[in-house]
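Undergrad: I'd like to ask you about the structure that follows.
The values are calculated or read from the model by the stated rules, or taken from the named source; none is laboratory data. Computed from a predicted structure; not experimentally measured. Cβ placement follows ideal geometry from the backbone for every residue including glycine, while neighbour counts extend to all protein chains displayed. For accessibility, only protein heavy atoms count, side chains too; no ligands or nucleic acids. Shrake-Rupley method; radii C 1.70, N 1.55, O 1.52, S 1.80 Å.
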Amino acid sequence: MRQSAETAIREVVGKSKMDFVLYEGREQVAANATKLIQDILDRLQVRYRYQQADHAKMHSLRAGQAAFDDAVKAGQDPRAAKEEGQAYANDVCPRAR
């Protein structure tokens, strides 16, 4: 059961954009994972009906969220530095002319 759940979560998350998984689409990710878990169990002929777990409490998504937030912040820093440099150039160049 655990392997089926981990496989389903990895597949659903892997096919989705990270913003969607972390912020806007948690319910849809949970619904898709629940369906995929049941599909896996059916293929394995496991006589168990998987209903739905509280996927919001899965620690792997929350741990990944901190790493994702760090990556977003790192991506914004170079843009902010470039914009600051451009603003400085826009101020200094006309005065120099």
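Undergrad: Per residue of region 28-38, what does 6.51 cos²θ - 1.76 cosθ + 1.60 with θ = phi - 60° give for ³J(HN,Hα)? Whole Hz please, x for Gly and Pro, Karplus curve as stated.
TA: Each residue's phi maps through the Karplus curve to give 5, 4, 4, 5, 5, 5, 4, 5, 5, 4, 5 Hz.
Undergrad: Turning to a different aspect of this structure: Among MET1, MET18, what's the order by accessible area (1.4 angstrom probe), most exposed first? Before the final figure, lay out each step's value.
TA: Values: MET1 100, MET18 80 Å².
So the residues, ranked largest to smallest area, are MET1, MET18.
Undergrad: Using packing as a proxy for protection, rank 86-93, 40-47, 19-26 so that the peptide with the highest average count of other Cβ atoms within 10 Å comes first. Walk me through the numbers on the way to the answer.
TA: Details: 86-93: 9.9, 40-47: 11.6, 19-26: 14.4.
Ranked from most to least packed, the peptides come out as 19-26, 40-47, 86-93.
Undergrad: Each residue of region 2-18 in turn: what ³J(HN,Hα) in whole Hz from Karplus with 6.51, -1.76, 1.60 and θ = phi - 60°, glycine and Pro shown as x?
TA: For region 2-18, the Karplus curve yields 4, 5, 5, 5, 5, 4, 5, 4, 4, 5, 5, 5, x, 8, 10, 6, 4 Hz.
Undergrad: Please give the per residue accessible area of region 1-41, computed with a probe of 1.4 Å over protein heavy atoms only, in Å².
TA: Per residue, region 1-41 has an accessible area of 61 Å².
Undergrad: Output the relative contact order of region 1-54, whole-number percent, from Cα pairs under 8 angstrom with separation of 6+ residues.
TA: About 38 percent, as a whole number.
Undergrad: Now for a different question. Distance in nm between label sites at ARG26 and LEU44, each 7 Å beyond Cα in the beta-carbon direction?
TA: According to this spin-label approximation, the distance is 2.7 nm.
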